[in-house]
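Heads up, the thing below is written out as structure tokens.
The values are calculated or read from the model by the stated rules, or taken from the named source; none is laboratory data. Computed from a prediction, not measured in an experiment: that's the story for all the values here. Methodologically, a virtual Cβ is constructed for each residue, glycine included, from the backbone with ideal geometry; neighbour enumeration extends over all protein chains shown.
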Amino acid sequence: MNIVTVIGARPQIIKAAALSRAIRTSYQKQIHETIVHTGQHYDENMSQVFFDELGIPKPDYNLQVGSASHGVQTAKMTEGIERILLEERPDCLVLYGDTNSTLAGAVAAAKIHVPIVHIEAGLRSFNKSMPEEINRIVCDHCSTLLFSPTQAGVDNLAKEGFRLNNEGPYSIDNPKVFLCGDIMYDNSLYFSKIAEEKTDVLQRLQLLGKPFVLATLHRDSNTDHPERLNSILDALLEIAEEMPVVLPLHPRTRKMIGQLVEPQKAEKLFHSENLRTTDPVSFLEMVQLERHASLVMTDSGGVQKESYFFQKPCVILRPETEWVEIVQAGTGTLTDADKTSILEASRGYLRQPPTNFPEIFGDGHAAEFMLQQMIQCFNS
């Protein structure tokens, strides 16, 4: 079976590692994978390093699209992916998540009748002002096989009209929905021991054996709005007076701080002894920070999950989340960008951390399950 996998953003590169690893170890004689990197993330530290560190095969194609407006970026990717699909003639196209790379792959494949496999299907924030929400909805409704990591995702698809009892042969008009567990849980289990042995990020940041808070901030709904960005940064600076805070900065977040934050506050932010801003960290370094943090604060969906995998409380810097199970379990709290809510939730979790983390993300073998279903569907 020939498959084409499209990746373009950091989280997709990491997720693809689990599927590529499972192909190498268990399905090498049955599946040939062609990897297309759109170049949506073009910074060296946020792209190539992940291929090297996670052992992902070098991409067969790199579209080198880079940064642009949604329309320009998606159009360039759609054109490039269509050309590759016509050349490779795969049995299916594998897409991850909800980025512009996902949208471009879905549109390109559906128009030329290449079946789509969507990993992380069914996730919904119910906020269509977010580009990611549009991308994931379009991709789901173009897909033949939909792999949902949680029961909530399956329920969302059922509410949108997907029939859960469909029988094969499967197609875009007769799709199949699977509850499969989370592919990132596979990765977290696999890489956590490697991270312990191969990274020195705790030593570099002088945090070994010390409690600290890990924060990430990258969504344009937060970074591009002065009031929201300043409110979150004010909360981080106040928390940092009580406990060290590590803030790896996405390149565009650093750029927007320079544009939207008053110079005096930016100076304090970048030179605070307890608020330690860094360049983007590698995946293994991120795993190590998540494992040892006392609390995680983030607007990233992936980091929300990873905090749960490592049984850490999470303050979610958004008004909604696709991972509603985390909030329902009481291990995550939605604070939006409100400083008062952020401080209240953070101090509450630091004072009394949650102890119950139900098993809601599968058994750590999602990649193998997905590949078995793909073989049954497309290799018969």
Report task. Output yes when any residue across the stretch 308-327 is over 21 Å from residue 187 (Cα atoms), in a helix (DSSP H, G or I) and of a type in the set (Lys, Arg), and no when none is. Result -> no
Query - residue 337 being out of contact with any strand residue (DSSP E or B) (no Cβ under 8 Å at 6 or more places or on another chain), crowded, with 21+ Cβ neighbours inside 10 Å, within 28 Å of residue 136 (Cβ to Cβ) and of a type outside the set (Val, Ile, Thr) - result: yes
Requested in this report: Might you let me know whether the stretch 33-53 holds any residue that is buried (at least 18 other Cβ atoms within 10 Å of the Cβ), of a type in the set (Phe, Trp, Tyr) and over 27 Å from residue 364 (Cβ atoms)?
Outcome: no
Report summary line: For the stretch 117-141, the count of residues that are surrounded by fewer than 24 Cβ atoms within 10 Å (Cβ to Cβ) and not charged (D, E, K, R) equals 11
Report summary line: Pairs returned, first residue in the stretch 103-114 that is at positive phi, second residue that is polar (S, T, N, Q), beta-carbon separation under 9 angstrom, 6 or more apart or interchain, are none
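Give the stretch 148-170 a look and list any residue that's of a type outside the set (S, T, N, Q) and closer than 15 Å to residue 322 by Cβ, or say none.
149, 152, 153, 154, 155, 157, 159, 160
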Requested in this report: Might you check whether a residue that is aliphatic (A, V, I, L, M) and either under 20 Å from the mean Cα position of the chain (by Cα) or at pLDDT below 90 (or both) occurs anywhere in the stretch 79-91?
Outcome: no
